[in-house]
Every structure is written in structure tokens, then in C-alpha cells.
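Have a look at the structure below, then the notes.
The values are calculated or read from the model by the stated rules, or taken from the named source; none is laboratory data. On a predicted model such as this, the values are computed, not experimentally measured, just so you know. Please note: Cβ atoms are built from the backbone with ideal geometry, for glycine as well, and neighbour counts cover all protein chains shown. Each accessible area value is taken on the protein alone, full model and side chains, heavy atoms only, with ligands, DNA and RNA left out. Shrake-Rupley method; radii C 1.70, N 1.55, O 1.52, S 1.80 Å.
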Amino acid sequence: MMAQGTDGCSRGARLEGVMAGESMLSFIPLHETAIERHPPLLDWVRSWTGRDQLNPLSTDDWFERAHGIIGGQLDDNGIWMPIHEKGYKLHLWAPPPAIADVALEELLKARHKRTDTYHVLLFPRLMLPRWRRLFNKACDLSFSVQPNRNFWPESMHEPLWVGVVLPFTLHRPWQLGRAPLVVDMEGKLCQMFREGRGDGRDILCKLLSLPKRLAKVSASVACGMLHMPGPGKISSRRTGR
């Protein structure tokens, strides 16, 4: 409100923000992605994903590449057959707030088509009621970054919502967002960014390495790694109540 001029206007200042001739849309950029607004944000994501060539999906990519399709060709019968990318790929979603709900709808479809793919989401907190429910439904872990960091400075005004979607596991709990270990990581990240200390890269690196580590161990060992009770630890007998 201060940068936009409403705060100053209430005190009679007529030469700030919109009152000085600036466009109202420059303070609520519904058509710009988080990375378009502040490009250094991409370097922060690359630092903890370990993917130096990572770039956000384009709107066209939402409907094919995000679903694991990287091309196609005609078979011997003249039928077009898609070519699928290898497993454990990572896709970066950074849509403009005005169409964030469309991106999330495609993400929810893509996640069930390719259960071995990572997804990272970067959403400025604009038009939040339009996409918040889908965001929370899609993410295994999420947190918000206040505009007081090098990769998301004060000039961004509103917080940045960051979400991570992990591959499904081969055994319980199937979806890692329900696991105590991941819930604990989410709590640490939320506290870290709320208190303004650290940038969360160490926790996020451990989080992204978790699915591959779980894929190499048995179900009982995986339960221990996730701080969950192992098979047979909870009785299924009726209590008689």
C-alpha cells in the first residue's frame, strides 16, 4: 500500500505510486511469473535441485512435457505413438497468477500419469483464493517466503508460495506428504523462513534425495526412515467397544 500510494494518499501525499502516474497493474502483476518478476529466484531453485539447466515450463509444456511426453512418431500402422522421458525428472512450474489454477489442474493429471516425477512450484501470493485449494492438494510439502530475501526481495511486496511434489513410493505410505519425516521437514522450513534465518537449501536437498533412497530399501526399512510404525506394529483386532 505504501509503494502503490494508498498509504500516502490518506495523509494528503499526492505524488506517490498511482497518484504520481504509475500504472496500477505494475503493483499487481497478474500476468507475470515469479521468475519474470525476479530472475535470481531461478538460481536459488537450481542451487537446491542440483539442476543447473533447469528452466520453468512454458504454457505449452503444461499439456505434454509435464506429462512426460517429449515427442512422438508414427508406428508401422500409421498411429502416432508418444515418446516418454526417463524417470525421476524434475519440472518447474511458475505460472502467472491469473492462470495458476489451470497449471495446477494439469499438474494433478500429470502426477498420476507419471508417478516417478518431481515437481517444484513457485507462486506469488496473488489471486490466492482462486488456486489455494488445488495448490494444497497437489503439494507434498509447501512453505511461504516473505519478501525479505535476496532471491525474493522487499520490492516483490507479497510472499512467495513454494511447493514440492515428490514421486510416489512403491509401498506405504505411497504419498510422502503424509509421512512424519516430511511433515517435520515442512515445519522446519516454515519456521526457518518465518524467523528469517537460512535459505532452506540443506533441508530441500535432503527432501529431493528421499524418494530414490526409499526405492532401494524394503518396506520395513522405509517405514523406519520415514519415522512411521512398521508393518504389524499396529493391531487390527477389534477392541470390543
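Summary of computed values
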{"quantity": "Filter pass, Val182 being under 18 Å from Thr115 (Cβ atoms), modelled with pLDDT of 90 or more and in a helix (DSSP H, G or I)", "calculated": "yes"}
{"quantity": "Positions within region 150-179 being assigned to a loop (DSSP other than H, G, I, E, B), at negative phi and touching a residue at least 60 places away in the same chain (Cβ under 8 Å), in sequence order", "calculated": "Asn150, Phe151, Trp152, Pro153, Pro167"}
{"quantity": "Residues located in region 99-119, provided they are closer than 17 Å to Trp131 by Cα and open to solvent by 60 Å² or more (accessible area, probe 1.4 Å)", "calculated": "Ile99, Glu105, Lys109"}
{"quantity": "Residue in region 161-182 that is open to solvent by 10 Å² or more (accessible area, probe 1.4 Å), among the β-branched types (Val, Ile, Thr) and touching a helix residue (DSSP H, G or I) at 6+ places or on another chain (Cβ under 8 Å) present", "calculated": "yes"}
{"quantity": "Given (1) touching a helix residue (DSSP H, G or I) at 6+ places or on another chain (Cβ under 9 Å); (2) modelled with pLDDT under 95; (3) open to solvent by less than 60 Å² (accessible area, probe 1.4 Å), number of the condition Gly224 does not satisfy", "calculated": "(1)"}
{"quantity": "Pairs where the first residue, in region 112-127, is among the small types (Gly, Ala, Ser) and the second is surrounded by fewer than 22 Cβ atoms within 10 Å (Cβ to Cβ), C-beta under 8 Å, 6+ apart", "calculated": "none"}
{"quantity": "Flag for Ile69 being surrounded by 15 or more Cβ atoms within 10 Å (Cβ to Cβ), over 16 Å from Pro96 (Cβ atoms) and not polar (S, T, N, Q)", "calculated": "yes"}
{"quantity": "Hits in region 120-135 - residues which are open to solvent by 10 Å² or more (accessible area, probe 1.4 Å) and in contact with a strand residue (DSSP E or B) (Cβ under 7 Å, 6 or more places away or on another chain)", "calculated": "Arg125"}
{"quantity": "Residue in region 183-197 that is on the phi > 0 side of the Ramachandran plot and surrounded by fewer than 19 Cβ atoms within 10 Å (Cβ to Cβ) present", "calculated": "yes"}
{"quantity": "Criterion: of a type in the set (Phe, Trp, Tyr) and more than 21 Å from Lys109 (Cβ to Cβ) - qualifying residue of Phe143, Phe123", "calculated": "Phe143"}
{"quantity": "Considering residues of region 53-66 that are open to solvent by less than 20 Å² (accessible area, probe 1.4 Å) and part of a loop (DSSP other than H, G, I, E, B) only, the residue nearest to Thr33 (Cα to Cα)", "calculated": "Leu57"}
{"quantity": "Residue match in region 19-37 (condition: in a helix (DSSP H, G or I), of a type in the set (A, V, I, L, M), at pLDDT 90 or above and surrounded by 14 or more Cβ atoms within 10 Å (Cβ to Cβ))", "calculated": "yes"}
{"quantity": "Which listed residue, of Ala110, Ala94, Ala98, is under 20 Å from Leu207 (Cβ atoms) and over 11 Å from the mean Cα position of the chain (by Cα)", "calculated": "Ala110"}
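Quick grid of which residues meet (1) without any contact (Cβ under 8 Å) to a residue 24 or more places away in the chain; (2) among the acidic types (Asp, Glu); (3) farther than 30 Å from Leu170 by Cα:
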| site | (1), (2), (3) |
| --- | --- |
| Pro39 | yes, no, yes |
| Trp62 | no, no, no |
| Asn77 | yes, no, yes |
| Pro82 | yes, no, no |
| His91 | no, no, no |
| Ala103 | no, no, no |
